[in-house]
Amino acid sequence: MTDRLIKATTALAVVTVAAVAALISYSHALDLVRSHGETGLTARLVPFTVDGLIWAASMVILDAHRHHRPVPALARWSLAAGICATIGANLAHGAAHGPIGSLVSAWPALVGSFELLMILTRNAPSPSPPGPGGRTGAHRSEPACTEVEQTPEQAVLNEYRASLNGPGRPLSQRYLADKHGIDRRRVKQIITGEYPAER
């Protein structure tokens, strides 16, 4: 019961802080956009492009972590660009009031960005990668010892085959080599059938 209460209050605090930070940051960005020539619907939509970029990049990164895939470089760059843009807009909004004004104005964006990064980097439990036939570890009929007894070569082959049925691109040889501590040349031999991974 205590764990549930901690999780619930933490989630409530994060959502509340994020919502307040988002509203204030949007207001600051809207004022900044209007003061630089944009009006009407365009002025109201521009701040959403920054938050939308952060949201989209965050979801791609989160999806990659949950499915044990390498995070696309574009997602990392987009997240960094979005965070820099929202912090920059808030700093510029308060610049007329000096350094203290800039810091006060940027504070909501700093808080929101920090919370976002904490959520993304948190090692939350995620589904185990699918095995042969697309079944996840929780629903496999084989005994648990089967996975433990796998050789690194068999693990590489199984993981690569499973990634062929996924929504994204197949796992790269570099990623598999780094994860399983195997030379990239041998990884290539395994996935092309030149190396006897299954014995």
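The values are calculated or read from the model by the stated rules, or taken from the named source; none is laboratory data. The shown structure was predicted, so the numbers you read here are calculated from the model rather than taken from an experiment. Glycine gets a Cβ as well: all are built from the backbone with ideal geometry, and neighbour counts include every protein chain shown.
Quick check on the range 57-67: of everything there that is surrounded by 14 or more Cβ atoms within 10 Å (Cβ to Cβ) and of a type in the set (A, V, I, L, M), which residue is nearest to LEU79 (Cα to Cα)?
Out of the qualifying residues, it is ALA57.
Would you confirm, using the coordinates I've provided, whether HIS97 is modelled with pLDDT of 75 or more, touching a His at 6+ places or on another chain (Cβ under 7 Å) and in the same structural domain as ILE54 (by TED's automatic domain parsing)? Quick ask: steps written out before the conclusion?
Numbers: modelled with pLDDT of 75 or more: yes; touching a His at 6+ places or on another chain (Cβ under 7 Å): no; in the same structural domain as ILE54 (by TED's automatic domain parsing): yes.
Answer is no for this residue.
Kindly indicate which of THR86, THR42, THR49, THR16 is more than 30 Å from LYS179 (Cα to Cα) and surrounded by 15 or more Cβ atoms within 10 Å (Cβ to Cβ). Write out each step before concluding.
Details: THR42 fails: surrounded by 15 or more Cβ atoms within 10 Å (Cβ to Cβ); THR49 fails: surrounded by 15 or more Cβ atoms within 10 Å (Cβ to Cβ); THR16 fails: surrounded by 15 or more Cβ atoms within 10 Å (Cβ to Cβ).
On inspection, the qualifying residue turns out to be THR86.
Taking the stated definitions as given, is ARG34 of a type in the set (D, E, K, R) and at pLDDT 85 or above?
Yes, satisfied.
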